[in-house]
Amino acid sequence: MKKLLVILLAVVLVVAGVITGCEGEEPTAPTSVKLGTTLPQGGMFAGFGQQGFGMQKAVDDWNAENGGMYL
């Protein structure tokens with residue numbers, strides 16, 4: 001019984017390794033992060049979302065001058 005369990009575990013590990021692609025290239029980290037904001041566009045807080053134009057302008061200026069935030 002133990003031998004069957006060990007063989008089954010080995011097969012499962014090999015299949016999991018093949019499925020996940022252990023021999024692939026390592027993913028690269030992103031070089032920049034874009035700065036953004038969230039605002040209510042609908043619902044009961046939609047009237048307070050008018051400051052979004054100023055916030056969007058500030059975000060666009062930041063991203064244009066600095067190219068985004070570098071890690």
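Against the numbered list (1) part of a helix (DSSP H, G or I); (2) at pLDDT 70 or above; (3) surrounded by fewer than 10 Cβ atoms within 10 Å (Cβ to Cβ), G47 comes up short only at (2). Residue-level analysis places F53 outside the set of residues that are open to solvent by 70 Å² or more (accessible area, probe 1.4 Å) and either in a loop (DSSP other than H, G, I, E, B) or modelled with pLDDT under 75 (or both). When the stretch 12-26 is limited to residues that are outside any helix (DSSP H, G or I) and of a type in the set (G, A, S), the one that is modelled with the highest pLDDT turns out to be G21.
The values are calculated or read from the model by the stated rules, or taken from the named source; none is laboratory data. Here the structure is a predicted model, which means the values were calculated and not measured. We place every Cβ from the backbone using ideal geometry, glycine too, and count neighbours over all the protein chains shown. We work out accessible area using only protein heavy atoms, side chains counted, and drop any ligands, DNA or RNA first. Shrake-Rupley method; radii C 1.70, N 1.55, O 1.52, S 1.80 Å.
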